[in-house]
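**Q** Encoded as structure tokens, here's the structure I'll be asking about.
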Amino acid sequence: MRKSTARLIFGITVLVFAVAFLFPLVLVVGKGFLTPDGTLTLEYLIGVFRNPIYVEGLFNSLRLALGTTFLATLLSLPLAWLSNRYDFAGKKWVNALVLVPMILPPFVGAIGFQQILGQYGALNSLLGTDIDWLGQGRWFGVILLQSLALYPIMYLNVAASLANIDHAMDEAAENMGATGWAKFRRISLPLMTPGMFAGGTIVFIWSFTELGTPLIMNYTRCASVQVYDALKEIGGNPFPFALVFVMLAVSVILYAVSKFLFGGKAYAMQGKAATTFTTERMSGWRGFLTLLPFLVVIGMALLPHLGVILTSFTAPGGWYQSVLPQSVTTGNYAEALGHEMTVSSIRNSLTFSTLAVLFNLVFGIAIAFVVVRSTIRGRAILDGLAMLPLAVPGLVMASGYLAFSSMLSNTAWVKSSDTLHSLFDVKTNPTLFLVMAYGIRRLPYMVRSAVAGLQQTSAGLEEAAANLGAKPMVSLKRVTLPLITANLIAGALLAFSFSMLEVSDSLMLAQRQDFYPITKTIYELFQLIGTGKYLASALGVWAMMFLAVTIVGSSLLLGKKMGALFRV
Amino acid sequence: MAVSVEIKDLVKTFGETRAVDHITLTIEPGELFFLLGPSGCGKTTLLRCIAGFHQPESGSIHMGGDEVTRLPPHLRDTGMVFQSYALWPHMTVAQNVAFGLEMRKVGKAETAKRVKDALAMVKMSDRANHKPNQLSGGQQQRVALARALVIHPKCLLLDEPLSNLDAKLRLEMRTEIRRICKEAGLTAIYVTHDQKEALSVADRLAVLNGGVIEQCGTPQEVYLKPRSVFAAGFIGETNFLDGTVKKISGERMIISTPVAEWESIHGLDTFKEGDEVTLSLRPETLHLGDASPGQPNVVGGIVHDTVYLGEVAQHQVRIGGDGGRNLKVFDLNPRILARDGEQAASVWVDAQDVVILPRGNA
């Protein structure tokens, strides 16, 4: 790739990042550290730590994140290890099913979860008990729900790092006399640590700042909900921004530590596994015992989905203190999908997500090209920059975009033009900022997947085309893109479905009903008195079906390489 | 149409390393020219500069008189055979071969005909509709060659094209490549580290080391009259002995080494008395046994190891007594083999086979 082209892409990307990513963050930090007349102050930050309510919120968020990360690790580690080691009946199926929880945003699952595990839910009716399974104060319920929704990210990372381990490492350990637990502890575990940290970082940041689940579970004493509520108030209260800054700092520090400890290629294996490694075949009851943990975890993870599906078919009020819904109806679908808010929200989500994916494709391919194929000095910076959105929670970005939008819409030249106004003011039309938010936050997946594709495609194939007279664009079109199509489609589908599921930005930036995306509509439907959770579930099931198709599609296309998408 | 390739004072660096260090070279039209050297010598870098994949820092490249130094690869009209073959896996054999013609906007009918001819030339006609991954290494190699040839390139570039093939196929393909190049009258530049490939196929070759050309000439010139210790050591096997020019008288010079004195008819114009030199004695020029009377360069030694290989016996002969030197001596068509154990024998070599080189490290 020509240096001038590489530098041009580098320049454009840095500019886009500066405007769409860094500047909003600067605004958040600025709002948290600057008084209205523009002098620097630590008063707000100190104020956050002096206010017992904020301190409690931060502590609770931290507890949610640590608990979720721990539980998700506990759920995924044995599964990844079993799947790497053994062959058993049904393995192919459970390997795909393990990923299914990702097709439902956890906050929708929360509705179904409460129907089953709540104090008046199905389980208590079944057992004839009166236990509050989701725990007093509900923090345990939030952790359980989040880890059941997020463990696939952990699983994919650990599985990918296990797959990279040369089986000769294991044989060498056995050769030296280590077996069983000793071998696992001394050899396998250290080798999968990079994958665990990579997955763990994403799970931690995600759950630390998750907004939807605590909202639905009515767990309001955590930082994300406090920020959400405070930002809804009118009048520039600086404290939520200082609180957002604290969350940003925690996330970025954790990301940096993980990157510093396990960045790059982690444990680079000396060549690919040379010996053909055959997994041990487990048959009969041993096979079933191996399969069992998968069934248990998947079963639990699908409980929320089951609950949502059942709720969506329940006549309002028809599932209370009973094992199964007492009265079944399809009316919820008719009402939810026929709701004016729903029809426009499906259209909106499709529009926003499609635009975001286009943004991702263009920038993802361009960045991947520079990173893999050019020799300019800045390519490592570009690679790092493209991964950075993983470190920044959606809630923080949303706060930044809100500040950005209010800054822009208060300038004289935006006020004077209706077109500019509808472009820059989220209260009028959030399209620009939502597309920006979706696009920037999903860019890492696209870049990862394009980079993986390019790395597997020898540069010699492009050189051969150039040698035979193909101009750079022709060689891109005829040789490179066809070869990495699978990666691009998979990355795009993933970015698309994550955009469809996006919660924080959607809840905070979409403020006018005709611009609500699906997730915000689900949340708004949920708040309707009486029929809320039934309608929300119906729309949730619709979204789930839609996304099931996209995720299954992308995992079929990308196969085992899925894990690479979730690396830090 | 075969063209000449002229390289003038070319420099290409990667960071601190100067991969191509002021190389000047002219390749004649229709010549099959080899760039030979160990890995890291700069031979592939030089080839990639010619193809346009590397931009040299200074110097120039001309093809058929036109300067191409700054021309992007796709405008150079070279046909390259890559070490990995670089066949596009998503296209069939025929589509791979047709690609270059398509880029040149050659008409459908002519494209079909030329693809057919090219595949026939490399004996791959029956595989036109296969995908590359359905072919063996040797077949992929042939397709890569056809793809490079079909565009009638100004110059064919081959980057270690045989290194991924097994020994037998390698022998077969190297004569095949020479046949095809000569039939088409192509200028071809061939990069390899395999000296036998170079000796057997090249019209001329250049031995590269550390980014510079150690020697350039026909295979015979380079083998028989190497100009540096590196060139002598890289091509074929040899024995090196460090010594000093003792005396030059008429058509002969005497070189003294710690183990013996040697007489040579070479280097009379190059060296003067007192110069420090290195001698190169090829194992096949050394003889064991009685020399005819008046034969110079007869040295007493002890045969202490012999490897019998059928057509040749390789002896290790120690000369100069204890603390002396080992010489490798090849006895072609060996009839009487040394018995086990050590055996005294004299070693001799003709004065015309004693090659004198400037002092250097092998």
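**Q** How many residues are in contact (Cβ under 8 Å) with a residue 60 or more places away in the chain, assigned to a helix (DSSP H, G or I) and in contact with a helix residue (DSSP H, G or I) (Cβ under 9 Å, 6 or more places away or on another chain) if we restrict to the stretch A:100-128?
**A** 18
**Q** Cβ-Cβ below 8 Å, separation at least six or inter-chain, first residue in the stretch A:69-86 and under 16 Å from A:L289 (Cα atoms), second in a helix (DSSP H, G or I) and basic (K, R): which pairs?
**A** A:S83/A:K91
**Q** Still on this structure: What pairs can you find where one residue is in the stretch A:504-516 and outside the structural domain of A:A403 (by TED's automatic domain parsing) and more than 15 Å from A:V343 (Cα to Cα), the other is of a type outside the set (D, E) and part of a helix (DSSP H, G or I), and their Cβ atoms are less than 9 Å apart, with a gap of 6+ or different chains?
**A** Every condition considered, no pair remains.
**Q** Sort through A:T314, A:T290, A:T329 and tell me the only one that's closer than 30 Å to A:K91 by Cα, of a type outside the set (F, W, Y) and in contact with a strand residue (DSSP E or B) (Cβ under 8 Å, 6 or more places away or on another chain).
**A** None of the other options fit; the residue is A:T290.
**Q** Can you tell me which condition A:L261 does not meet? The list is (1) at pLDDT 80 or above; (2) farther than 19 Å from A:L27 by Cα; (3) not polar (S, T, N, Q), and all the others hold.
**A** Only one criterion is unmet by A:L261, namely (1).
**Q** Can you tell me how many residues within the stretch B:140-179 are among the β-branched types (V, I, T), under 20 Å from B:A86 (Cβ atoms) and surrounded by fewer than 19 Cβ atoms within 10 Å (Cβ to Cβ)?
**A** Of the residues in the stretch B:140-179, 0 are among the β-branched types (V, I, T), under 20 Å from B:A86 (Cβ atoms) and surrounded by fewer than 19 Cβ atoms within 10 Å (Cβ to Cβ).
Listed here are the residues, each with its yes/no results for (1) modelled with pLDDT of 90 or more; (2) outside any helix (DSSP H, G or I).
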site: A:Q455; (1), (2): no, no
site: A:A465; (1), (2): yes, no
site: A:A490; (1), (2): no, no
site: A:L494; (1), (2): no, no
site: A:S499; (1), (2): no, no
site: A:Y523; (1), (2): no, no
site: A:Y534; (1), (2): no, no
site: A:V568; (1), (2): no, yes
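Residue by residue, here is whether (1) in a strand (DSSP E or B); (2) farther than 14 Å from B:F240 by Cβ; (3) more than 33 Å from the chain's Cα centre (by Cα); (4) aromatic (F, W, Y) holds:
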position	(1), (2), (3), (4)
B:G267	no, yes, no, no
B:G294	no, yes, yes, no
B:G301	yes, yes, yes, no
B:G310	no, yes, no, no
B:Q316	yes, yes, no, no
B:G323	no, yes, yes, no
B:L327	yes, no, no, no
B:F330	yes, yes, no, yes
B:A344	yes, yes, yes, no
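**Q** Further question on the same structure: Across the stretch A:458-477, what is the number of residues that are facing chain B (nearest Cβ under 10 Å) and surrounded by fewer than 20 Cβ atoms within 10 Å (Cβ to Cβ)?
**A** 6
**Q** Inside the stretch B:213-262, can you point out the residues that are within 21 Å of B:S39 (Cα to Cα) and surrounded by fewer than 15 Cβ atoms within 10 Å (Cβ to Cβ)?
**A** Selection gives B:E237 alone.
**Q** While we're on this one: Mind checking which residues of the stretch A:299-340 are surrounded by fewer than 16 Cβ atoms within 10 Å (Cβ to Cβ) and over 27 Å from A:Q119 (Cα atoms)?
**A** Across the stretch A:299-340, the qualifying residues are A:A334, A:L337, A:G338, A:E340.
**Q** Now for a different question. What is the one condition in (1) within 21 Å of the chain's Cα centre (by Cα); (2) of a type outside the set (S, T, Y); (3) at positive phi; (4) within 14 Å of another protein chain (Cβ to nearest Cβ) that B:K105 does not satisfy?
**A** (1)
**Q** Checking the conditions here, which among B:D66, B:D9 is assigned by TED's automatic domain parsing to the domain that holds B:T78 and free of Cβ contacts under 8 Å to residues at least 12 places away in the same chain?
**A** Only one candidate passes the filter, namely B:D66.
**Q** What number of residues within the stretch B:40-80 satisfy the criterion of being within 12 Å of chain A (Cβ to nearest Cβ), in a strand (DSSP E or B) and touching a Lys or Arg at 6+ places or on another chain (Cβ under 8 Å)?
**A** Number of matching residues: 2.
**Q** Next question, about the same structure. How about the stretch B:81-96: which of its residues are among the aliphatic types (A, V, I, L, M), part of a loop (DSSP other than H, G, I, E, B) and more than 7 Å from chain A (Cβ to nearest Cβ)?
**A** Once the filter is applied, which keeps residues that are among the aliphatic types (A, V, I, L, M), part of a loop (DSSP other than H, G, I, E, B) and more than 7 Å from chain A (Cβ to nearest Cβ), the stretch B:81-96 yields B:L87, B:M91.
The values are calculated or read from the model by the stated rules, or taken from the named source; none is laboratory data. On a predicted model such as this, the values are computed, not experimentally measured, just so you know. All Cβ positions, even for glycine, are placed from backbone atoms using ideal geometry, and neighbour counts span all protein chains on display.
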